[in-house]
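Written below as structure tokens is the structure these notes are about.
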Amino acid sequence: MKTLWLLVGKSDAPGWKVLESDSKAEKVDLVIFDREEWALIRAETPSTEYEGLLPKAPNDGMYVSEQGFPVYIVGQKEVRRPEDVINAVGGRAKELFEEYGDAILALERAGLAF
């Protein structure tokens, strides 16, 4: 079963070019990326084949690409709405959502936007 994995690395890591090439060749399911820091891929296991990119489980929250495209994640799975993240994490995010009435703002203020 495929889950989401976060690849983290410096902007000059050699693995970025290989990841982009693999994505174009449809060898990897690249969900979104911010080449300055991270990429989200969908895979059965964490990928260690990209030099300089460390794979890890992503934190629950909202990941926004360089182009402003958001992906909402809970438990290494993509969810449809920012409210789904808030309902899953609760706590401060839920309090901020109740206060502001804006789920994206609540995620940002709760430190759950990446």
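The values are calculated or read from the model by the stated rules, or taken from the named source; none is laboratory data. Note that the coordinates shown come from a computational prediction; the quantities given were computed from them, not determined experimentally. All Cβ positions, even for glycine, are placed from backbone atoms using ideal geometry, and neighbour counts span all protein chains on display.
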Which members of segment 78-105 meet the condition of being hydrophobic (A, V, I, L, M, F, W, C) and closer than 19 Å to Pro58 by Cα?
-> Val79, Val85, Ile86, Ala88, Val89, Ala93, Ile104
Those residues of segment 6-38 which are touching a Leu at 6+ places or on another chain (Cβ under 7 Å) and either of a type in the set (Lys, Arg) or under 11 Å from Leu54 (Cβ atoms) (or both), in sequence order = Leu6, Leu7, Val8, Gly9, Ala13, Gly15, Trp38
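Conditions (1) over 22 Å from Val89 (Cα atoms); (2) of a type outside the set (Phe, Trp, Tyr), marked per residue:
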| position | (1), (2) |
| --- | --- |
| Asp29 | yes, yes |
| Phe33 | yes, no |
| Glu37 | yes, yes |
| Leu40 | no, yes |
| Gln67 | yes, yes |
Options Val79, Val64: the member that is of a type outside the set (Ser, Thr, Tyr), within 15 Å of the chain's Cα centre (by Cα) and closer than 13 Å to Phe114 by Cβ = Val64
Residue check, Gly61 on the phi > 0 side of the Ramachandran plot and in contact with a Leu (Cβ under 6 Å, 6 or more places away or on another chain) = yes
Note on Glu95: of the conditions (1) surrounded by 19 or more Cβ atoms within 10 Å (Cβ to Cβ); (2) outside any loop (DSSP other than H, G, I, E, B), unmet is (1)
State all residues of segment 45-62 that are more than 26 Å from Arg81 (Cβ to Cβ) and not aliphatic (A, V, I, L, M); if no residue qualifies, say none.
-> Thr45, Pro46, Ser47, Thr48, Glu49, Tyr50, Glu51, Gly52, Pro55
Would you tally the residues in segment 53-65 being exposed (fewer than 15 other Cβ atoms within 10 Å of the Cβ) and under 19 Å from Val18 (Cα atoms)?
-> 2
Conditions (1) among the hydroxyl-bearing types (Ser, Thr, Tyr); (2) over 12 Å from Leu6 (Cβ atoms); (3) surrounded by 14 or more Cβ atoms within 10 Å (Cβ to Cβ) -> Ser47 fails only (2)
Give segment 66-76 a look and list any residue that's surrounded by 16 or more Cβ atoms within 10 Å (Cβ to Cβ) and either at pLDDT below 95 or of a type in the set (D, E, K, R) (or both), or say none.
-> none
